[in-house]
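The values are calculated or read from the model by the stated rules, or taken from the named source; none is laboratory data. Not measured: the values here are computed from a predicted model. Glycine also receives a Cβ, built like all others from the backbone with ideal geometry; neighbour counts cover every protein chain displayed.
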Amino acid sequence: MKLARRTFEATSKESRAELDKRREAVEKMVEPLSKVLGETREKLERLDERVAASGAASEGVREETSRLVKALSRPEIRGRYGEIQLKRVAELAGMREWCDFSEQASVRDGSGALLRPDMVVKMPAGRVIAVDAKTNTYAYVEAINAQSEEEREEHLERFARHVVDQVKKLGSKRYWSVFDESVDFVVMFVPGDHFIDAALSRRADLIELAAERNVILASPSTLIGLLRAVAVGWREHTLAQDARELFGLGRELHERAATVFEHASSLGKAVNATVERFNKLAGSMDARLTPTLRRFEDAGAKSAKEIVEVKAIGQTTRSLGERSAEA
């Protein structure tokens, strides 16, 4: 029993030592994995925070989009948005000073109905172009937020109908008949090329339909091109006005210069007459007065002053039209 006990104790010590070594080896093997798992847990926690923040941001975007959709559903908001875009387009085209907006452009037709285009473009020859920006884009916005392709197509079809209805409505208003010197068409401003493309893809005859009613569909890029063409006309008109004013100033300067030359010529004649009279005086003094005074001197009746010889002036003024020999 003693031998067995000693043997068991020795074996137990060896076993514990072996277990300790194995535990240490396992811990060394597991330690990198534990470190990686810890880092992974930290990254997952940070990712969860980002996902939560992203979700909050997405919710904010959805709320803002919902507010925008609700705002655009109101006609007065859409009209104000279109007018702001029109002002920006006029600024980009350099035509802000020659465009009147709805506050100044209200007129009444023959029946007394109030007509108010969103912008009236003034042209150099006194003619004007009426621009309307009341295109209803609400159905297009609803199509963007549609949950299915069928719903999206339904909204786009409705949007195309709204565009056609607006074309017909503008054609019936006949702005060109109530504005003095207006061109015989009205510009229907659509706030983006994608709106026109969406309507054309469902109503291929939209351009022809609008042209028949004297309505010109114009996106921002198209309207900028039109306004810049008008701006070129204004620049040429301004240059022509400046040239006419300069021509008038030239005629006025010429007339005033001619008057100055007349006065200068009269002054020259007067100077020549004075010289001629002076020479006559000098000749008379030299021929008649000086000999008599010399006789008084010879007789001893001389004063303390000497008689200065008066010489005739041999030069006259030059005519303004003459060229000197030196010249």
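If I ask for residues that are of a type in the set (A, V, I, L, M, F, W, C) and assigned to a helix (DSSP H, G or I), which ones from the range 279-301 would you list?
Our first condition is that a residue be of a type in the set (A, V, I, L, M, F, W, C); within the range 279-301, this holds for 281-282, 285, 287, 289, 293, 296, 299, 301.
Result: LEU281, ALA282, MET285, ALA287, LEU289, LEU293, PHE296.
Residues of the range 173-212 that are acidic (Asp, Glu), within 26 Å of ARG88 (Cα to Cα) and part of a helix (DSSP H, G or I): ASP193, ASP197. Checking ILE144, ILE196 one by one, the residue that is of a type in the set (A, V, I, L, M) and within 27 Å of LYS122 (Cα to Cα) is ILE196 and no other. Checking each residue in the range 125-172 for being surrounded by 17 or more Cβ atoms within 10 Å (Cβ to Cβ), in contact with an Asp or Glu (Cβ under 9 Å, 6 or more places away or on another chain) and assigned to a loop (DSSP other than H, G, I, E, B) picks out ALA133, LYS134, ASN136.
Any chance the range 41-48 includes a residue that's at pLDDT 75 or above, part of a helix (DSSP H, G or I) and in contact with a Phe, Trp or Tyr (Cβ under 8 Å, 6 or more places away or on another chain)? No, the range 41-48 contains no residue that is at pLDDT 75 or above, part of a helix (DSSP H, G or I) and in contact with a Phe, Trp or Tyr (Cβ under 8 Å, 6 or more places away or on another chain). Remark: SER201 falls outside the filter, which requires a residue to be in contact with an Asp or Glu (Cβ under 6 Å, 6 or more places away or on another chain) and farther than 15 Å from PRO117 by Cα. The residues listed here are GLU208, GLU245; of these, the one that is surrounded by fewer than 18 Cβ atoms within 10 Å (Cβ to Cβ), modelled with pLDDT of 90 or more and more than 18 Å from VAL120 (Cβ to Cβ) is GLU208.
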